[in-house]
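Following: one structure in structure tokens, then a few remarks.
Here, each number is a calculation from the coordinates, and none is a lab measurement. Since this is a predicted model, take the numbers as computed values, not measurements. No Cβ is skipped: glycine too gets one built from the backbone with ideal geometry, and neighbour counts run over all protein chains shown.
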Amino acid sequence: MSYDAIKADRQLCTGYRKGGQAAKCNGQTYRCTACSTAGCRQTYVDGCSEQAFDVNWKCLKCGAINQKEGPLNFVNRIGA
Ligand SMILES: [Zn+2]
Ligand SMILES: [Zn+2]
């Protein structure tokens with residue numbers, strides 16, 4: 001099993017950080033309980049291609065605030 005497959009299995013963010021070099025995000029992922037969108041949280045809008053929440057826990061898709069579920073991968077976190 002590849003490293004990337006392991007990461008995917010642990011439900012870390014598979015998106016890419018924007019700006020500068022394209023780097024894999026591998027961030028914690030959360031789900032919006034209002035619209036079921038899942039993705040990571042970044043401190044600024046459009047920080048990751050798979051971002052779902054901004055710093056205020058606002059869902060970038062439906063606009064709901066503080067409706068997060070997760071982190072989805074907390075059970076399997078390594079080195080935390
Ligand atoms: Zn991400
Ligand atoms: Zn939402």
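Brief remarks follow.
- The Cβ shell under 14 Å around residue 68 holds other residues with a net charge of +2, Lys and Arg each +1, Asp and Glu each -1.
- Computed FRET value (nearest 0.05) for residue 64 with residue 21, which takes r as the C-beta separation and R₀ as 35 Å: 0.65
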